[in-house]
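Novice: I am attaching a structure below and will ask some questions about it afterwards.
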């Protein structure tokens, strides 16, 4: 791991035990030396599962497997995640490799193969040496522990500079439940969905169908609203497991009023994790929030916000601490959504810079430049045609991004 | 101008005189000191005009004017281009500024305002000091000359490191005609259309309607097939003027057989200019050709090729001379077009790297790495689903790009 991102949260969050989940990590030597590169989580029998995956049309073998497992079982008993090798673009060999790993884990856990979930992250195009995983799996199962969170959250990291964790508590009908989540991701972060691996666990009793609905909604304003470099990984995976150990009364549908607090806490935890991914964007030196309003629809607002957030010219201007609002408006123009050139308004750090499509009279750049020198940058753009609003988070584009990505494999 | 791009053509092309065109350049002091920042071209009465412009929904005032002039007159008598200030996001003031400039030029040339074309490039969001242009316009008109090409082609440059010129001859029904073109552009180069200014002149007699058809077709495989950073300028302008001085027989429609050679030469000149823009991509150290085949359609092939060419992860890998074919395939996946994961094939520098979605047996990276160390990189990707083909050209993403764009205004 290189130097911790200057945007990292000041206080790391330690994940407490969560009923029905035991974890461990192991060094299989898939790619990295001297560090863990495999995490194993064992979930209580009957744990409900939900998931959201990359929209890439060339998804990795683990993603194809998880989609199938979710569809066929809706339950999770084991989660295996390795770093160092994404097992993507490994053809039929990659599929076979997933199958061998899953079968070995299913035998150890005494469950159907479809209750084993796998995720892989790292170099793509290189066959996964699954033998290194299956060889140590029995040993790893022997080391599972309710306190294995810290090891697990670190074993899945690649170019990340800090572990990303979040925990929340919620109440369902008077019964306290907990949510723990951790994730990895620093580059290839773009909707849909944010390119990363994220795993969320709760001891709440929520059936798979309801869990899937909550996850799909929660992801829209969190992982699907962040972008680092507009690239989309073949391996994006977000899994949510509910062990049911908290003993709340059964929930029948996603609209159940008893779920209100749980939903709120889940959404908040997802956003917390997603923003940590942006704060660890490869080479990031600034965290940028792009608020777009006045668009024709919510969807249009999001497209415009993403066009701004993904523009290399905007991102390099931020890196250069240059209050170059013209580039923001350029990006609005290329988004392909309706905008009124003569009603456009731009604020940077809360200071009105442009109004009615032109720079404000007597514009004083000093306070805006001061804002650009900080680490948390805010752009507010009103495109003047409707009521659609959206917020997208991103980071700047720096020399360090190029260093990291120009020599990732060497 | 900074150091000339290492990818610049070895032998600069000087543009010869062309019947019906006189040019000059002038230093107005709009932004740059000690260099020309305005070019003026006077075209023979009756010159036909055609144009293609940015698809940005927040197009600049000069673009709005040119669209109107083309629609209303189809003729061109004067072309004024300034660098240093794009007159974009200047609201109604920008429109008024164009109008004053156009009126002054029309009076000097003795033509309707709708026969005056204008283009501006440079910083956006700053009001254009048009008074500095109109004040010297009379003087500039006095200096127009058939040999003014070299001055004109240089006056329009901004972050370009070399002037971009091309000249061709063609035959229409036994009559020799000439085409001269020059352009500028180094960043914000992306379809549609490539973000830049380009001006092409011919002495052929071709009516405006036919000219427009030829230009629209020619641009698709040239300026609309290149990308530097995926950003789209508000000011993209490509104008084509035909003075008719060569005296070929009148042409009635674009399908006229007599135009075959002219079309070929025009297409070739447009591609030549477009590729010079890529070779001068901001900070570029490698020129990259992306050939996609096997797509569902030509359009699908182009979208896939653009996804590869615009991927920051592919572009930084090229900068790092890393034969990271996995990133190419990642980009195929995010393009949103049909691809067969298990039929994908990738060649780098002509060497087969992956086949059937996985790395070839006994893959020897040495010749591929050697290719990556060169300056002209070629990717061939077959996505295995159909017969659609397309080629897109781009450059790598380097530290220099960030340096140039992080401090453009300062």
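Novice: Considering every residue within segment A:268-288, establish whether at least one is more than 24 Å from residue A:161 (Cα to Cα) and touching a strand residue (DSSP E or B) at 6+ places or on another chain (Cβ under 9 Å).
Specialist: no
Novice: Can residue B:368 be described as surrounded by 23 or more Cβ atoms within 10 Å (Cβ to Cβ) and modelled with pLDDT of 90 or more?
Specialist: no
Novice: Every residue in segment A:191-217 that is at pLDDT below 85 and either surrounded by 24 or more Cβ atoms within 10 Å (Cβ to Cβ) or not assigned by TED's automatic domain parsing to the domain that holds residue A:228 (or both), please.
Specialist: Hits for segment A:191-217 are A:193, A:194, A:195, A:196.
Novice: Those residues that are away from chain B (no Cβ under 12 Å), out of contact with any helix residue (DSSP H, G or I) (no Cβ under 7 Å at 6 or more places or on another chain) and in a loop (DSSP other than H, G, I, E, B), I need them from segment A:348-379; list them, please.
Specialist: Passing the criteria: A:350, A:362, A:364, A:373, A:374, A:375.
Novice: Against the definition (away from every other protein chain (no Cβ under 14 Å) and not in a loop (DSSP other than H, G, I, E, B)), how does residue A:64 come out, yes or no?
Specialist: no
Novice: What are the residues in segment B:17-43 that are within 17 Å of residue B:202 (Cα to Cα) and outside any loop (DSSP other than H, G, I, E, B), if any?
Specialist: The answer is B:21, B:22, B:23, B:40, B:41, B:42, B:43.
Novice: Does residue B:162 meet the test of being more than 30 Å from residue A:314 (Cα to Cα) and touching a residue at least 24 places away in the same chain (Cβ under 8 Å)?
Specialist: So residue B:162 fails the test.
Per-residue answers, yes or no, for (1) within 8 Å of chain A (Cβ to nearest Cβ); (2) at pLDDT below 90; (3) touching a strand residue (DSSP E or B) at 6+ places or on another chain (Cβ under 8 Å); (4) closer than 25 Å to residue A:95 by Cβ:
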| residue | (1), (2), (3), (4) |
| --- | --- |
| B:302 | no, no, yes, no |
| B:309 | no, no, yes, no |
| B:313 | yes, yes, no, yes |
| B:328 | no, no, yes, yes |
| B:339 | yes, yes, yes, yes |
| B:346 | no, no, yes, yes |
| B:381 | no, no, yes, yes |
| B:407 | yes, yes, no, no |
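Novice: Find the residue count for segment B:315-326, including only residues that are part of a loop (DSSP other than H, G, I, E, B) and more than 7 Å from every other protein chain (Cβ to nearest Cβ).
Specialist: Number satisfying all stated conditions: 2.
Novice: Pick from B:244, B:255: which is more than 14 Å from chain A (Cβ to nearest Cβ), without any contact (Cβ under 8 Å) to a residue 12 or more places away in the chain, more than 28 Å from residue B:8 (Cβ to Cβ) and part of a loop (DSSP other than H, G, I, E, B)?
Specialist: B:255
Novice: Going through segment A:23-52 one residue at a time, which ones are in contact with a helix residue (DSSP H, G or I) (Cβ under 7 Å, 6 or more places away or on another chain) and over 16 Å from residue A:80 (Cα atoms)?
Specialist: Answer for segment A:23-52, where residues must be in contact with a helix residue (DSSP H, G or I) (Cβ under 7 Å, 6 or more places away or on another chain) and over 16 Å from residue A:80 (Cα atoms): A:48, A:52.
Novice: Which condition from (1) over 27 Å from residue A:6 (Cβ atoms); (2) touching a helix residue (DSSP H, G or I) at 6+ places or on another chain (Cβ under 6 Å) is the one that residue A:314 breaks?
Specialist: Evaluating residue A:314 over (1) over 27 Å from residue A:6 (Cβ atoms); (2) touching a helix residue (DSSP H, G or I) at 6+ places or on another chain (Cβ under 6 Å) leaves (1) as the failure.
Novice: May I pose another question? Do we have residue B:213 as under 22 Å from residue B:156 (Cβ atoms), more than 14 Å from the chain's Cα centre (by Cα) and more than 14 Å from chain A (Cβ to nearest Cβ) here?
Specialist: No, not satisfied.
Novice: While we're here: Do we have any residue at all in segment A:112-122 that's touching a helix residue (DSSP H, G or I) at 6+ places or on another chain (Cβ under 6 Å) and on the phi > 0 side of the Ramachandran plot?
Specialist: Looking for residues that are touching a helix residue (DSSP H, G or I) at 6+ places or on another chain (Cβ under 6 Å) and on the phi > 0 side of the Ramachandran plot, one finds none in segment A:112-122, hence no.
Novice: Answer yes or no as to whether residue B:31 is more than 19 Å from residue B:115 (Cβ to Cβ), in the same structural domain as residue B:79 (by TED's automatic domain parsing) and either crowded, with 16+ Cβ neighbours inside 10 Å or touching a strand residue (DSSP E or B) at 6+ places or on another chain (Cβ under 6 Å) (or both).
Specialist: yes
Novice: Do you know which residues across segment A:379-410 are more than 21 Å from the chain's Cα centre (by Cα) and under 20 Å from residue A:344 (Cβ atoms)?
Specialist: The answer is A:379, A:380, A:381, A:382, A:383, A:384, A:385, A:386, A:387, A:388, A:389.
Novice: Please tell me if residue B:104 is modelled with pLDDT of 90 or more, over 25 Å from residue B:160 (Cα atoms) and out of contact with any helix residue (DSSP H, G or I) (no Cβ under 9 Å at 6 or more places or on another chain).
Specialist: Spelling it out, it is not the case that residue B:104 is modelled with pLDDT of 90 or more, over 25 Å from residue B:160 (Cα atoms) and out of contact with any helix residue (DSSP H, G or I) (no Cβ under 9 Å at 6 or more places or on another chain).
Novice: Only one of (1) facing chain B (nearest Cβ under 9 Å); (2) at pLDDT 90 or above fails for residue A:92. Which number is that?
Specialist: Of everything listed in (1) facing chain B (nearest Cβ under 9 Å); (2) at pLDDT 90 or above, residue A:92 misses just condition (2).
Novice: Suppose we filter B:332, B:360 for residues that are free of Cβ contacts under 8 Å to residues at least 60 places away in the same chain and crowded, with 24+ Cβ neighbours inside 10 Å; which single one remains?
Specialist: Exactly one residue qualifies, and that residue is B:332.
Novice: Next up: For segment A:147-160, indicate whether the set of residues that are surrounded by 21 or more Cβ atoms within 10 Å (Cβ to Cβ), in contact with a helix residue (DSSP H, G or I) (Cβ under 8 Å, 6 or more places away or on another chain) and away from chain B (no Cβ under 14 Å) is non-empty.
Specialist: No - not one qualifying residue is present in segment A:147-160.
Novice: Let me ask you something else. Among B:123, B:167, which is within 28 Å of residue A:365 (Cα to Cα) and surrounded by fewer than 24 Cβ atoms within 10 Å (Cβ to Cβ)?
Specialist: Criteria check complete, one pass: B:123.
The values are calculated or read from the model by the stated rules, or taken from the named source; none is laboratory data. Everything quoted here is computed from the prediction, not taken from an experiment. Heads up, the Cβs are rebuilt from the backbone with ideal geometry, glycines too, and the neighbour counts pull from every protein chain shown.
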